[in-house]
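Contents: one structure, followed by commentary.
The values are calculated or read from the model by the stated rules, or taken from the named source; none is laboratory data. Values in this document were obtained by computation on a predicted structure and should not be read as measured data. Ideal geometry is used to build each Cβ from the backbone, glycine not excepted, and the neighbour counts take in all protein chains shown.
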Amino acid sequence: MSASLAACGQQEAPAPAPTQTATTPVRESLAPPKRDDFADAFGKACPEARPVNKAVCKSAGMGSIDFICDYGLGDDEYLRNEATLTQQDDAWVIADPEKVCAQ
(Lines give C-alpha, C1' and ligand atoms only; values in the text may rest on other atoms or scores of the structure.)
Protein backbone atom coordinates (compact mmCIF):
# COMPACT_ATOMS: atom_id res chain seq x y z
CA MET A 1 0.00 0.00 0.00
CA SER A 2 1.60 3.20 -1.07
CA ALA A 3 0.31 6.57 -0.20
CA SER A 4 1.17 9.78 -1.83
CA LEU A 5 0.99 12.91 0.22
CA ALA A 6 0.40 16.37 -1.17
CA ALA A 7 0.10 19.54 0.83
CA CYS A 8 -3.15 21.35 0.46
CA GLY A 9 -3.02 24.48 -1.67
CA GLN A 10 0.71 24.19 -2.34
CA GLN A 11 1.76 25.11 -5.83
CA GLU A 12 5.12 25.42 -7.41
CA ALA A 13 6.79 28.65 -6.41
CA PRO A 14 7.29 31.00 -9.32
CA ALA A 15 10.87 31.56 -10.42
CA PRO A 16 12.35 34.76 -8.99
CA ALA A 17 12.39 37.67 -11.40
CA PRO A 18 15.86 38.49 -12.67
CA THR A 19 17.28 41.64 -11.14
CA GLN A 20 19.68 44.10 -12.66
CA THR A 21 23.06 43.87 -10.97
CA ALA A 22 24.97 47.08 -10.54
CA THR A 23 28.35 46.86 -12.18
CA THR A 24 31.33 49.09 -11.85
CA PRO A 25 32.95 49.86 -15.18
CA VAL A 26 36.26 48.10 -15.56
CA ARG A 27 39.08 50.60 -15.54
CA GLU A 28 42.53 49.75 -16.73
CA SER A 29 44.89 50.31 -13.88
CA LEU A 30 48.55 51.09 -13.84
CA ALA A 31 51.14 49.17 -11.90
CA PRO A 32 51.65 50.60 -8.40
CA PRO A 33 53.95 53.63 -8.58
CA LYS A 34 57.62 53.27 -7.77
CA ARG A 35 60.14 55.97 -6.85
CA ASP A 36 60.83 56.83 -10.50
CA ASP A 37 57.10 57.11 -11.28
CA PHE A 38 56.66 59.52 -8.38
CA ALA A 39 59.79 61.49 -9.32
CA ASP A 40 58.50 61.90 -12.91
CA ALA A 41 55.04 63.03 -11.76
CA PHE A 42 56.55 65.42 -9.20
CA GLY A 43 59.01 66.84 -11.74
CA LYS A 44 56.19 67.58 -14.21
CA ALA A 45 53.95 69.14 -11.55
CA CYS A 46 56.67 71.13 -9.75
CA PRO A 47 59.46 71.90 -12.24
CA GLU A 48 61.01 74.57 -9.97
CA ALA A 49 61.32 72.25 -6.94
CA ARG A 50 64.41 70.28 -5.93
CA PRO A 51 64.48 66.75 -7.39
CA VAL A 52 62.98 63.81 -5.51
CA ASN A 53 65.63 61.91 -3.57
CA LYS A 54 63.52 59.16 -1.98
CA ALA A 55 59.88 58.16 -2.29
CA VAL A 56 57.71 55.39 -0.85
CA CYS A 57 54.12 54.98 -2.06
CA LYS A 58 51.29 52.94 -0.53
CA SER A 59 47.68 52.40 -1.53
CA ALA A 60 45.22 55.04 -0.34
CA GLY A 61 42.86 52.28 0.77
CA MET A 62 40.69 49.41 -0.34
CA GLY A 63 38.92 50.22 -3.58
CA SER A 64 40.88 53.43 -4.18
CA ILE A 65 42.99 53.87 -7.28
CA ASP A 66 45.09 56.56 -5.58
CA PHE A 67 48.41 56.13 -3.82
CA ILE A 68 49.84 58.18 -0.96
CA CYS A 69 53.56 58.84 -1.30
CA ASP A 70 56.00 60.02 1.36
CA TYR A 71 59.08 61.62 -0.15
CA GLY A 72 62.26 63.57 0.45
CA LEU A 73 63.75 66.25 -1.82
CA GLY A 74 67.33 67.08 -2.73
CA ASP A 75 69.89 65.87 -0.19
CA ASP A 76 67.22 65.19 2.45
CA GLU A 77 67.34 61.54 3.46
CA TYR A 78 64.07 61.71 5.42
CA LEU A 79 60.56 61.33 4.00
CA ARG A 80 59.24 64.67 5.27
CA ASN A 81 56.62 65.37 2.62
CA GLU A 82 53.44 63.67 1.46
CA ALA A 83 51.52 63.74 -1.83
CA THR A 84 48.72 61.76 -3.44
CA LEU A 85 49.21 60.20 -6.86
CA THR A 86 46.20 59.46 -9.03
CA GLN A 87 45.79 57.92 -12.47
CA GLN A 88 45.18 60.22 -15.40
CA ASP A 89 44.90 58.52 -18.78
CA ASP A 90 47.84 56.12 -18.69
CA ALA A 91 50.17 57.93 -16.29
CA TRP A 92 50.53 58.81 -12.61
CA VAL A 93 49.96 62.48 -11.73
CA ILE A 94 50.03 64.53 -8.52
CA ALA A 95 46.41 64.89 -7.34
CA ASP A 96 46.78 68.43 -5.89
CA PRO A 97 49.85 70.03 -7.51
CA GLU A 98 49.25 73.54 -6.11
CA LYS A 99 49.33 72.26 -2.53
CA VAL A 100 52.22 69.85 -3.10
CA CYS A 101 54.43 72.37 -4.93
CA ALA A 102 53.86 74.96 -2.20
CA GLN A 103 55.41 72.69 0.47
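Considering region 60-80 alone, what residues qualify as being of a type outside the set (Phe, Trp, Tyr) and within 8 Å of the chain's Cα centre (by Cα)?
ALA60, GLY61, MET62, GLY63, SER64, ILE65, ASP66
Here is a yes/no grid of residues against (1) surrounded by 10 or more Cβ atoms within 10 Å (Cβ to Cβ); (2) polar (S, T, N, Q); (3) at pLDDT 70 or above; (4) more than 18 Å from SER59 (Cα to Cα):
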{"site": "ALA7", "(1), (2), (3), (4)": "no, no, no, yes"}
{"site": "GLN10", "(1), (2), (3), (4)": "no, yes, yes, yes"}
{"site": "ALA15", "(1), (2), (3), (4)": "no, no, yes, yes"}
{"site": "ALA22", "(1), (2), (3), (4)": "no, no, no, yes"}
{"site": "GLU28", "(1), (2), (3), (4)": "no, no, no, no"}
{"site": "LYS34", "(1), (2), (3), (4)": "yes, no, yes, no"}
{"site": "ASP37", "(1), (2), (3), (4)": "yes, no, yes, no"}
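From the residues in region 53-77 that are more than 13 Å from PHE38 (Cα to Cα) and either in contact with a Cys (Cβ under 9 Å, 6 or more places away or on another chain) or touching a residue at least 12 places away in the same chain (Cβ under 8 Å) (or both), which one is surrounded by the fewest Cβ atoms within 10 Å (Cβ to Cβ)?
Out of the qualifying residues, it is ASP75.
What number of residues within region 39-48 satisfy the criterion of being over 14 Å from GLN88 (Cα atoms), surrounded by fewer than 15 Cβ atoms within 10 Å (Cβ to Cβ) and of a type outside the set (Asp, Glu)?
Qualifying residue count, region 39-48: 2.
So if I check each of GLY61, GLY72, which one is within 20 Å of LYS99 (Cβ to Cβ) and at pLDDT 95 or above?
GLY72
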